[in-house]
Amino acid sequence: MKILITGGAGFIGSAVVRHIINNTQDVVINLDKLTYAGNLESLKSVSDSERYHFVQLDICDRAGLDKVFAEQQPDAVMHLAAESHVDRSITGPAEFIQTNIVGTYNLLEAARAYWNELTDAKKASFRFHHISTDEVYGDLPHPSDESVEYEKSNVECSMLNAELDQNNSKFKIQNSKLPLFLETTAYAPSSPYSASKASSDHLVRAWLRTYGFPTLITNCSNNYGPYHFPEKLIPLVILKALAGKSLPIYGKGDQIRDWLHVEDHARALYKVVTEGEVGETYNIGGHNEKTNLEVVQAICNILDDAFPIQNSKLKIQHYQELITYVKDRPGHDRRYAIDASKIERELGWTPQETFESGIRSTVQWYLDNEDWVTNVQSGAYQTWMSQQYGAE
Ligand SMILES: NC(=O)c1ccc[n+]([C@@H]2O[C@H](COP(=O)([O-])OP(=O)(O)OC[C@H]3O[C@@H](n4cnc5c(N)ncnc54)[C@H](O)[C@@H]3O)[C@@H](O)[C@H]2O)c1
């Protein structure tokens, strides 16, 4: 099978490319514009494979897309290319509208034109898999909401206990009666990012209904893991802590996210594109609801063990002392939590990582991969790519 992956140089896309090259016989065409978020250094371990090919292209370039489809003749598309950082969408929404909505429209149209010309057999087996986020659903009731009915003692236990627990029990609030996002939950996006992703989901569904174009959609919770660009919470906290800088937490840090290791997400996406039912939506999540504060405290505790503070100039003994609270961002969703039972039931996917094992290995990855981090922080990865591919 030949899979065209858009955004394959990004955080999740590169995990998907590595997963497919390392674990299947499939051919991958990585189509990526190489924005600041695209980093081909994340693909060094697989880029020598004969089954890996890279095309530098903007998904807004329709003529370019037509050429790639004609030349590459893919059997499936996995569409991950997007502007993905909520904070950036608040300060500059235009790029989000352009790439996430207009770009997805262009890709749908280029893929549909190509699909229309396929033989009946190829048409029937072709798949367009759109990768989206749980943020399209808006936010869910939070344990601290007075009006919400839930098993409070259970939730309080999870909220108050900030220590890592190897048995993965202390943070659990899945047994509470708090609602979860289902595939049928109504869309209510809060940020320009999530609104642009919601728009692209609507386009994909409309192309299925109107043209019979064989699409699938997945909506996933927050990912973490290796090769994550350090503007996102987890790598940002790890690197700031190691540099002895303050660790900013929005508001009280009580926003809840459902964390999934990126390699579990990559495995789920491959299952969906190869075994998923056309027209279906699958929610993907890690059963790991954590407050942002819990996540930051967990990272600090791991760093205390793995890289104890030695710099006497810092005048602190534990990384947690670097935590500072900053004004919350506008429209900040308070709780996301995924019901992933459909993909578990229908496709047999379950996450392999617990949050405790995944966060520990992620912190260790950042400690072990100083070159990748240094090249991202200095911008050297972009210089290297522009020498190789003329990327800006
Ligand atoms: N990161 C998460 O926690 C998360 C969770 C659920 C869903 N998602 C979705 O998964 C997808 C990938 O997320 P990510 O975190 O890997 O994002 P990312 O920002 O790390 O990577 C995005 C990639 O898309 C490329 N790109 C951007 N604009 C492009 C354009 N116009 N044409 C071609 N390529 C372009 C970038 O160069 C980059 O390689 C996104 O669609 C995102 O909405 C992300």
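When the Cα centres of the range 225-298 and the range 68-129 are compared, how far apart do they sit, in Å?
The two parts, judged by their Cα centres, are 24 Å apart.
Assign one of three labels to the range 1-70, namely rounded, prolate or oblate, based on the Cα gyration tensor with a ≥ b ≥ c the square roots of its eigenvalues; rounded applies when a/c is under 1.5, prolate when it is not and a/b is larger than b/c, and oblate otherwise.
Here the range 1-70 falls in the oblate category.
Would you calculate a helix-derived [θ] at 222 nm for the chain, using -39,500 (n - 2.57) for each DSSP H run of n ≥ 4 and dividing by the full residue count, to the nearest 500?
Roughly -12000 deg cm²/dmol at 222 nm, from the helical runs in the chain.
Peptides 191-198, 367-374: what's the order by average Cβ count within 10 Å, highest mean first?
Going by the mean number of other Cβ atoms within 10 Å, highest first, we get 191-198, 367-374.
Where nothing but the Cβ of Lys and Arg (+1) and of Asp and Glu (-1) is charged, how large is the charge dipole of the chain around its Cα centre, in debye to the nearest 20?
Taking the Cα centre of the chain as origin, the dipole is about 340 debye.
With the dipole of the range 19-141 worked out from charges on the C-beta (+1 for Lys and Arg, -1 for Asp and Glu) around the Cα centre, which of 35, 68, 137 lies farthest toward the positive end?
Towards the positive end, the residue furthest out is 68.
Take the Cα coordinates of the chain, assign each an equal point scatterer, and use the Debye formula without solvent to give log10 I(q)/I(0) at q = 0.09, 0.13 Å⁻¹.
Rounded to two decimals, the profile gives -0.52, -1.11.
Pull up the cross-link candidates among the lysines for residue 315, meaning alpha carbon to alpha carbon under 30 Å and not fewer than 8 places away within one chain.
Output for residue 315: 232, 240, 245, 252, 290, 327.
Would you mind checking which residues have amide H under 5 Å from residue 216's amide H? H placed 1.01 Å from N; only 5 or more apart, or other chain.
It is 128, 129, 130, 279, by chain and number.
Given R₀ = 41 Å, FRET efficiency for residue 344-residue 48 by Cβ-Cβ distance, to 0.05?
0.70
Under a Cβ-Cβ cut-off of 15 Å, what is the net charge of the residues other than residue 367 that fall near it, where Lys and Arg count +1 and Asp and Glu count -1?
-3
Just to check I understand the Karplus step: with θ = phi - 60° and J = 6.51 cos²θ - 1.76 cosθ + 1.60, what whole-Hz values come out for the range 196-201, glycine and proline as x?
My calculation for the range 196-201 gives 5, 5, 4, 4, 5, 4 Hz in order.
Roughly what would the spin-label model give for residue 95 and residue 120, points 7 Å off Cα along C-beta, in nm?
With each label placed 7 Å out from Cα toward Cβ, I get 4.7 nm.
Starting at the first residue of the range 254-271, write each ³J(HN,Hα) from the Karplus equation 6.51 cos²θ - 1.76 cosθ + 1.60 with θ = phi - 60°, in whole Hz, x for Gly and Pro.
9, 5, 9, 10, 10, 7, 10, 5, 4, 6, 5, 5, 4, 5, 5, 5, 5, 4
Under a 5 Å amide H to amide H cut-off, with H placed in plane at 1.01 Å, what residues pair with residue 2 once short-range neighbours are removed?
Close amide H contacts, sequence-distant or interchain: 27, 75, 76.
Which of the listed residues, 184, 14, 114, is farthest toward the dipole's positive end in the chain, when Lys, Arg count +1 and Asp, Glu count -1 at the beta-carbon?
Going by the charge dipole, the pick is 114.
If amide H atoms are built 1.01 Å from N in the plane of the peptide, which residues on other chains or at least 5 residues away come under 5 Å of the amide H of residue 55?
Under 5 Å from the amide H of residue 55: 30, 31, 32.
Under a straight-distance cross-link criterion of Cα-Cα below 12 Å, which aspartates and glutamates are reachable from residue 122, leaving out those fewer than 8 residues away in the same chain?
75
How do 108-119, 335-346 rank on mean C-beta neighbours within 10 Å, highest first?
Most protected by this proxy first, the peptides run 335-346, 108-119.
Summing +1 for each Lys or Arg and -1 for each Asp or Glu, what net charge is found among the other residues whose Cβ lies under 12 Å from the Cβ of residue 352?
Its environment carries a net charge of -2.
What does the net charge come to around residue 216 if you take all other residues with beta carbon closer than 9 Å to its beta carbon, with K and R at +1 and D and E at -1?
With Lys, Arg at +1 and Asp, Glu at -1, the neighbours total -1.
Kindly state, to the nearest 0.05, the FRET efficiency for residue 277 paired with residue 2, given R0 = 25 Å and r defined as their beta-carbon distance.
The calculated FRET efficiency here is 0.70.
For labels at residue 314 and residue 364 in the simple 7 Å Cα→Cβ model, what's the distance in nm?
2.0
Cβ neighbours within 10 Å, averaged per peptide: list 60-66, 82-88, 271-277 in order, most packed at the top.
Descending packing order for the listed peptides: 82-88, 271-277, 60-66.
To the nearest 10 degrees, how steeply does helix 355-368 sit against the main Cα axis of the chain, on a 0 to 90 scale?
That helix lies at roughly 80 degrees to the long axis.
Bear in mind that the values in this text are calculations on the coordinates, not laboratory data. Not measured: the values here are computed from a predicted model. Note: ideal-geometry Cβ built from the backbone for every residue, glycine included; neighbour counts use all protein chains shown.
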